[in-house]
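Written out below as structure tokens is the structure these notes cover.
Only the coordinates and a few stated rules stand behind these numbers; no lab work does. Note that the structure is a prediction, hence the values are computed from the model and not measured.
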């Protein structure tokens, strides 16, 4: 089944071609840049452009925050809790990296 606006889209493309809108475009005649994940290329681009990041990046930021908190904390019990959180965070980062690949 065609898109309901296919005729309008095709007409607009023909008009643009007739007006020369597609002439002298940058990159014309060159191959497209390589894409590691063609099935998700659009989704990956949209996430990147909107400031999103893979889970392991966000987890790494959280780990950095925990390290800073550890440096600034003098309470021994809180330091132990932070060290446990850091250990779990490192494991989660490794799993997220594997899932990302």
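The relative contact order of the chain, computed from alpha carbon pairs under 8 Å that lie at least 6 residues apart in sequence, is 25 percent. Normalised by the number of residues in segment 43-101, the mean separation of alpha-carbon contacts (under 8 Å, six or more apart) gives a relative contact order of 45 percent. When a/c reaches 1.5 or more, the comparison of a/b and b/c decides; with that in mind, is segment 43-101 rounded, prolate or oblate per its Cα gyration tensor? Oblate.
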